[in-house]
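Trainee: Can you read through this structure? Questions will come right after.
Computed from the coordinates by the stated procedures, all read-outs in this text should not be read as laboratory data. In this text the structure is predicted, and so the values were computed from the model without any measurement. Cβ atoms come from the backbone with ideal geometry, glycine included; neighbour counts cover every protein chain shown.
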Amino acid sequence: MITKSVNKAKEALINNQVIGIPTETVYGLAGNAFNEIAVSRIFALKNRPRHNPLIVHIKSAEYLEQIAAQVPEKAYKLAVAFWPGPLTLVLKKKSNVPDIITSGQDTVAVRVPNHKTALELLAHLDFPLAAPSANPFGKISPTSPEHVNAYFKDKLEVILDGGICVKGIESTIIGFEDGQPVLYRYGSLSVEEIEKVVGPLLLHTKNDVSPKAPGMLSKHYAPATPTYFTDDVEKFITQHKGKRIGVLLFKDRPLIQMASHVKILSSNGNLDDAAHNLYQAMHHLDNLNLDVIIAEKLPDQGLGKAINDRLNRAAK
Ligand code: TXA
Ligand code: MG
């Protein structure tokens, strides 16, 4: 049930239920991070492999010492600069963090979400929340309570309504190797912003065999409709002539060939707006029972990198 009641959400969590929660990035499927029953329910609901670890959501940076055994200097700098916000830090974990959350690894992923309702909920709880994105494994992430409801319907007693997610794509994930920051997943905090604070990032986002962050698996964030990702949309439209075609464009422009359904991510070509609208547009096109979706490549800078990353994985 979709509700605005933080109290109902709190009650359900105390009873080890899993609920939908809003964050500034995407909706999460949340449970008590210190309760193994609640956490195993998250994996079951999402149909998520157990070797794919979860992010722990905490109420403030001060709470970090309850979770992380070791915090490199550059991690502190990033937490100070960007929390609450769409940045997840992967740090050495304390032994009280259950292995089920970290898939047995000695590191834990942690962030402070920048969402009024989520922070209010966390402030009322004496435990942090484990929460992956609230979609079945591999599917498009949800950015509205209605998306979560469409995926899980009566399986969730509570979906806490916090409106449409402001950022619209997942947090950026940074780990540390020898104290140096490493990018594990592109996300709604741009690499450029992060590098202003800690200098150049190492990139570890393409390892398919043993991914550091399985959000980086080559196929992920995928619509059910066959999807193509290209910088030559017109050519793909021609190739699929006669089919029912959906097109996802970065900004408003006349198409040489008309397609049946066109979604524009940002009419004036703003990358923040495009990120905000991305999953909403993908859900929309995917629900039209089209034969194909053709998605246009965005400029490879700022949030364009994260959007291209998601579209590329959606198309594999
Ligand atoms: O914006 C977000 O990050 C959203 C909201 C709900 O906070 N959450 C999210 O969770 O995207 P999820 O489970 O869909 O993606 C979490 C990613 C996965 O790719 C996972 O592999 C990675 O975080 N991860 C978790 N723990 C990790 C660890 N110890 N080391 C490396 N990667 C880790
Ligand atoms: Mg996810």
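Trainee: Only residues that are surrounded by 23 or more Cβ atoms within 10 Å (Cβ to Cβ) and touching a Gly at 6+ places or on another chain (Cβ under 8 Å): list them for region 116-131, please.
Mentor: Ala118, Leu129, Ala130, Ala131
Trainee: What tally of residues in region 268-286 results from selecting those that are surrounded by 14 or more Cβ atoms within 10 Å (Cβ to Cβ), part of a loop (DSSP other than H, G, I, E, B) and either at negative phi or in contact with a Leu (Cβ under 8 Å, 6 or more places away or on another chain) (or both)? Working first, answer last.
Mentor: So the first thing to find is which residues in region 268-286 are surrounded by 14 or more Cβ atoms within 10 Å (Cβ to Cβ), and the list is 269-286.
So of that shortlist, the ones also part of a loop (DSSP other than H, G, I, E, B) come out as 269-270.
Within this subset, residues satisfying the condition of being either at negative phi or in contact with a Leu (Cβ under 8 Å, 6 or more places away or on another chain) (or both) are 270.
So the answer is 1.
Residue-wise test of (1) more than 12 Å from Tyr27 (Cα to Cα); (2) surrounded by fewer than 24 Cβ atoms within 10 Å (Cβ to Cβ); (3) of a type outside the set (Asp, Glu).
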| residue | (1), (2), (3) |
| --- | --- |
| Gly104 | yes, yes, yes |
| Phe137 | yes, yes, yes |
| Val148 | no, no, yes |
| Lys155 | yes, yes, yes |
| Gly163 | no, yes, yes |
| Tyr186 | yes, no, yes |
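Trainee: Just to check your reading of the model, which residue among Ala314, Ala295 is under 24 Å from Asn149 (Cβ atoms) and in contact (Cβ under 8 Å) with a residue 60 or more places away in the chain? Full working, then the answer.
Mentor: Numbers: Ala295 fails: under 24 Å from Asn149 (Cβ atoms).
After applying the criteria, what remains is Ala314.
Trainee: Could you grab me the full set of residues in region 69-88 that are under 16 Å from Tyr184 (Cβ atoms) and touching a Lys or Arg at 6+ places or on another chain (Cβ under 7 Å)?
Mentor: Matches in region 69-88: Pro86, Leu87, Thr88.
Trainee: All but one of (1) under 26 Å from Glu146 (Cα atoms); (2) out of contact with any Ser or Thr (no Cβ under 9 Å at 6 or more places or on another chain); (3) in contact (Cβ under 8 Å) with a residue 40 or more places away in the chain hold for His240, so report the exception by its number.
Mentor: Condition (1) is where His240 drops out.
Trainee: Whether any residue in region 120-143 is farther than 26 Å from Ala274 by Cα, touching a residue at least 60 places away in the same chain (Cβ under 8 Å), within 16 Å of ligand 2 (Cβ to nearest atom) and not in a loop (DSSP other than H, G, I, E, B) is what I want to check.
Mentor: Here is the first cut: in region 120-143, the ones farther than 26 Å from Ala274 by Cα are 120-130.
Within this subset, residues satisfying the condition of being touching a residue at least 60 places away in the same chain (Cβ under 8 Å) are 120-125, 127-130.
Narrowing further to those that are within 16 Å of ligand 2 (Cβ to nearest atom): 129-130.
When the remaining residues are screened for being not in a loop (DSSP other than H, G, I, E, B), the result is 129-130.
The answer is yes; a qualifying residue exists.
Trainee: Being surrounded by 14 or more Cβ atoms within 10 Å (Cβ to Cβ), assigned to a helix (DSSP H, G or I) and of a type in the set (S, T, N, Q) is the requirement here; does Gln257 meet it? Quick ask: steps written out before the conclusion?
Mentor: Numbers: surrounded by 14 or more Cβ atoms within 10 Å (Cβ to Cβ): yes; assigned to a helix (DSSP H, G or I): no; of a type in the set (S, T, N, Q): yes.
No.
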